[in-house]
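Below is one structure; the comments refer to it alone.
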Amino acid sequence: MRIGIVLYPTFGGSGVLATELGIALANEGHQVHFITYRQPVRLSGFNANIFYHEVRVPTYPLFDYPPYETALASTIVDVAINQRLELLHVHYAIPHASSAYMAKKILQKNEGINLPIITTLHGTDITLVGKDATYEPVVTFSINESDAITAVSENLKEETYKSFDIKKDIEVIYNFVDVSRFSKKPIDAFRKAVAPDGERIIIHASNFRKIKRVDDVVRIFEMINRKVPSKLMMVGDGPERHAAEELSRELGICDHVRFVGKQEQMEDIMAISDLFLLTSEYESFGLSALEAMAAYVPVVSSNAGGLPEVNVHGETGFMAPVGHVKEMADYGIQILQDDQTLAGFKQRAFDHASLFDIKNIVPKYEALYESVLEGKLVG
Ligand code: GMT
């Protein structure tokens, strides 16, 4: 198949998932055309089946807000015609689903081409940004106009039906992880550099937006560290990073906390970690938690959104209500208290992550593409 994939090229979960999906499809022999405004972060190395088409958004003195949505629709039209795309898969509804709709209409009218559109809903496109009245009518319309809709968890599917008047079926296709890539042996020298006295290594990775409640991570770490000597690695960057750094100074733990910024080799960092903290107010799924589990790292998380579909309470880690930092710290201590308990959680985290292995999930997207193409009306 010749597949177009529209995505955000950043470190956000939707962009990571879309990039990994495209690479997996290319490895299966499909021709994959990524369409976005910058080289996606996880897209490196040469693959004969992968193409990257950059959306250029020319500036003009009149534009306080350069019209990305229009530029994206025009690029989709161009790529669809010149690369003879058979279908287009857009990740994150805003503004990708409406640009896709616009492109589809142009292709139909001008070229007699029917380009099926698949929209994958990822999270805040529904739960935060999308349902804001500023965007809602366009989001509802463009989701309904998609030929197929998927959501990354049962919870996100429910939230979508709750917040939008969606007339079509939404298929749940869970996020996935390449277990073989994440289950790496830890690099001893790296572990020693972070935890020279054999401390436990705790990790958080996100884009440090408010919704992630990174202050909670710092507070939980402080409580765990009082009982179990540990180090905290804060991976990523975003608006709340500075406040979290300040808090770690206030709590007198900054010698034990490293803010390492955005990292591409997540598998090496995960490999040396003992516990992953994810305190979010909402997660449709929690891809970072799944990647941690695939690296044998148990998870203490909030129980918001789709997290209970990923983190099995008492098995792969623990969950507590949003903001219950003391409870989460106690769970962390319980997991880290001795090597035998930790080893049990690590193994179960890995076993559960294996259910979401790339090999099990990517065929579900391929089957969906095939069923969309079979029902396709040309012209
Ligand atoms: O919030 C983020 O970290 C980024 C965001 C996105 O859409 O780029 O992530 C969402 O999509 C991920 C991949 O499907 C999910 O695993 C995340 O849970 C989801 N984030 C939220 O719902 C807050």
> In segment 295-316, what residues are more than 21 Å from L156 (Cβ to Cβ) and in contact with a helix residue (DSSP H, G or I) (Cβ under 8 Å, 6 or more places away or on another chain)?
Replying inline: A295, Y296, V297, P298, V300, E315
> Here is a list of conditions, (1) touching a Phe, Trp or Tyr at 6+ places or on another chain (Cβ under 7 Å); (2) within 16 Å of the ligand (Cβ to nearest atom); (3) part of a loop (DSSP other than H, G, I, E, B), and Y296 meets all of them except one; can you say which number that is?
Replying inline: (2)
> Looking at E145, is it in contact with a strand residue (DSSP E or B) (Cβ under 9 Å, 6 or more places away or on another chain), assigned by TED's automatic domain parsing to the domain that holds S98, within 16 Å of the ligand (Cβ to nearest atom) and charged (D, E, K, R)?
Replying inline: no
>> Anything in segment 256-288 that is among the polar types (S, T, N, Q) and either in a strand (DSSP E or B) or under 25 Å from I173 (Cα atoms) (or both)? List them, or say none.
In response: T279, S280, S284, S288
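Tell me, please, whether a residue that is touching a residue at least 40 places away in the same chain (Cβ under 8 Å) and within 23 Å of N114 (Cβ to Cβ) can be found in segment 61-69. Steps first, answer last, please.
Taking segment 61-69 and keeping what is touching a residue at least 40 places away in the same chain (Cβ under 8 Å), we get none.
Within segment 61-69 (the criterion being touching a residue at least 40 places away in the same chain (Cβ under 8 Å) and within 23 Å of N114 (Cβ to Cβ)), the answer is no, since none of the residues qualifies.
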> Would you call I149 in a loop (DSSP other than H, G, I, E, B), of a type in the set (A, V, I, L, M, F, W, C) and at pLDDT 95 or above?
Replying inline: no
>> Condition check: of a type outside the set (A, V, I, L, M), closer than 27 Å to A193 by Cβ and assigned by TED's automatic domain parsing to the domain that holds H352. Does Q334 satisfy that?
In response: no
> Taking segment 100-136 only, how many residues are at pLDDT below 95, farther than 17 Å from Y68 by Cα and part of a helix (DSSP H, G or I)?
Replying inline: 4
> Is it the case that Y296 is of a type in the set (F, W, Y) and at positive phi?
Replying inline: yes
> Only one of (1) assigned to a helix (DSSP H, G or I); (2) surrounded by fewer than 24 Cβ atoms within 10 Å (Cβ to Cβ); (3) assigned by TED's automatic domain parsing to the domain that holds R209 fails for A304. Which number is that?
Replying inline: (1)
>> Can you name every one of the strands (runs of 3 or more DSSP E) wholly within segment 1-93 that holds 3 or more residues which are within 16 Å of the ligand (Cβ to nearest atom)?
In response: 87-91
> When you go through E291, E315 one by one, which is the residue that is modelled with pLDDT of 95 or more and either more than 11 Å from the ligand (Cβ to nearest atom) or not in a helix (DSSP H, G or I) (or both)?
Replying inline: E315
> Identify, please: which residue in segment 124-152 is touching a residue at least 40 places away in the same chain (Cβ under 8 Å) and surrounded by fewer than 16 Cβ atoms within 10 Å (Cβ to Cβ) and is, among those, farthest from A73 (Cα to Cα)?
Replying inline: L128
> Among (1) within 15 Å of the ligand (Cβ to nearest atom); (2) closer than 30 Å to Q265 by Cα; (3) in a helix (DSSP H, G or I), where does A97 come up short?
Replying inline: (2)
> Which of the residues spanning segment 50-64 are under 23 Å from F11 (Cα atoms) and of a type outside the set (A, V, I, L, M)?
Replying inline: F51, Y52, H53, E54, R56
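The values are calculated or read from the model by the stated rules, or taken from the named source; none is laboratory data. Because the structure is a prediction, the values reported are computed rather than measured. Note that we place each Cβ from the backbone using ideal geometry, even for glycine, and neighbour counts take in every protein chain shown.
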